[in-house]
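Before any comments, here is the structure.
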Amino acid sequence: MRDLLRFPLGPSPAERAAGKVWLVGAGPGDLELLTLKAVRVLGEAEVVLVDDLVNPEILSHCAQARTVWVGKRGGCRSTSQAFIQRLMWRLARQGKCVVRLKGGDPGVFGRAGEEALWLHARGVPCEVVNGVTAGAAAATACGFPLTMRGMTMGVTLVTGHTEHGDTPNWPALAHSGTTLVIYMGVSTMAQTQDSLLRAGMEPSTPVAMVENASLAQQRHRLSTLAHMLADARDFGLRSPAILVVGQVVGMAEALVPLAGASKRTGTLG
Ligand code: SAH
């Protein structure tokens, strides 16, 4: 009983008075991949600012809250980052419990760092709730693990490009001995393929391309470094998609029968 009483049941009275911003990970889309903590915080929210990669069905957990869509899809006109930050600040200063709901994990290409710094600098309490990142869901969708003893030394989560047009150090990554999980990599796939091949990565290195991981409309195509571009075109690969490059992807076909209980299957190509 004493343990139960010590368990935090929500924001303290002081936190409520001050208002607070929660940066909450909505996961890759499957409702069942939402954390219990995300569900609790959504249930306490007064205002929820929703990113565009969030599955709208998740909002059933915050029916009491006002919801504002603040999507920022690459290439589209969308709410500016500065506007979103000022909105969070203003609402928190009014004493509101504000949730910023983001696809996947807020700390993986989710701007959690810059938003938390910005809010802390203005005296607004801010807390992050983890979500399942799309890269992890993409691997599971195809039935392979991101790491495997004797096969890979680790995992690198990397963006295909930045908004300023920078690209990762592909030659270094080609020799990193890690599984490469590439976010936002569809539009720059030709450059990525070219850079990895030029760096000496084996053309036969297995590649997985996973669209809408964990959602009902999930699709995937297995390929190789040499053929990934042609296969992506043939498949009609569209964003949001994750590319995974590495030997672990080769385990997909072996493990797919074991993952047969899953309600979602993809295209093995
Ligand atoms: N914070 C998110 C990533 C946001 S960056 C996370 O942790 O997952 C946006 C990119 O994430 C997309 O361009 C795409 O590469 C990837 N992404 C997000 N959701 C996805 C999904 N359900 N399936 C495949 N890729 C996804």
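The values are calculated or read from the model by the stated rules, or taken from the named source; none is laboratory data. Treat the numbers as computed from the prediction; the structure is a model and nothing was measured. No Cβ is skipped: glycine too gets one built from the backbone with ideal geometry, and neighbour counts run over all protein chains shown. Keep in mind that these areas ignore ligands, DNA and RNA; they rest on the heavy atoms of the full protein, side chains included. Shrake-Rupley method; radii C 1.70, N 1.55, O 1.52, S 1.80 Å.
Once both labels are modelled 7 Å past Cα along the beta-carbon direction, what's the His175-Phe83 spacing in nm?
Here the modelled spin labels are 4.6 nm apart.
Given the Cα atoms of the chain, and with Rh set as the inverse mean 1/r over their pairs in the Kirkwood sense, what is Rg to Rh to two decimals?
Rounded to two decimals, Rg over Rh is 1.01.
Take every Cα pair under 8 Å in the chain that's 6+ residues apart, average their separations, divide by the length, and report that relative contact order as a whole percent. It would help to have the intermediate numbers written out before the result.
Working: 533 pairs, mean separation 51.0, N = 269.
It rounds to 19 percent for the chain.
Points 7 angstrom from Cα along the Cβ direction at Asp234 and Gln191: gap in nanometres?
It is 2.6 nm.
With every protein chain kept in place and ligands, DNA and RNA left out, what is the accessible area per residue of the range 149-206? Probe 1.4 Å, answer in Å². Intermediate values should be presented prior to the final figure.
Values: 3170 Å² over 58 residues.
Spelled out: the 1.4 Å probe surface of the range 149-206, per residue, equals 55 Å².
I'd like to compare 156-166, 100-110: which one has the highest average count of other Cβ atoms within 10 Å, and what's the full order after that?
Top to bottom by mean Cβ count within 10 Å: 100-110, 156-166.
Measuring from label point to label point, each 7 Å out along Cα→Cβ, what is the His227 to Leu117 span in nm?
The two pseudo-label positions are separated by 4.4 nm.
Where the accessible area of the range 134-262 is counted over protein heavy atoms with a 1.4 Å probe, how much of it, in %, is carbon and sulfur? All intermediate terms of the calculation are to be shown ahead of the outcome.
Numbers: 3360 of 6060 Å².
Looking at the range 134-262 in its full context, I get 55 percent from C and S.
Taking amide H positions as placed in the peptide plane 1.01 Å from N, state which residues far from Val99 in sequence (5 or more) or on other chains have amide H under 5 Å from it.
Under 5 Å from the amide H of Val99: Trp22, Glu46, Val47, Val48, Leu49.
Treating the beta-carbon of each Lys and Arg as +1 and of each Asp and Glu as -1, no other charges, what is the dipole magnitude of the chain about its Cα centre, to the nearest 20 debye?
840
Sorted by accessible area (1.4 Å probe), largest first, how do Thr140, Thr178 line up?
Sorted by accessible area, descending: Thr140, Thr178.
Using a 1.4 angstrom probe on the protein heavy atoms only, line up Ser239, Ser187, Ser195, Ser214 by accessible area, largest first.
Numbers: Ser239 75, Ser187 100, Ser195 35, Ser214 10 Å².
Accessible-area ranking of Ser239, Ser187, Ser195, Ser214, largest first: Ser187, Ser239, Ser195, Ser214.
Would you kindly find the accessible area of Leu243, with a 1.4 Å probe and non-protein molecules such as ligands, DNA and RNA excluded, rounding to the nearest 10 Å²?
0
Quick check on the chain: helices-only [θ] at 222 nm, where DSSP H runs of length 4 and up contribute -39,500 (n - 2.57) each and the sum goes over total residues. Nearest 500, please.
-8000 deg cm²/dmol
As an exercise, use a Förster radius of 30 Å and the Cβ-Cβ distance of Ala199 and Lys37 to find the FRET efficiency, rounded to the nearest 0.05.
0.15
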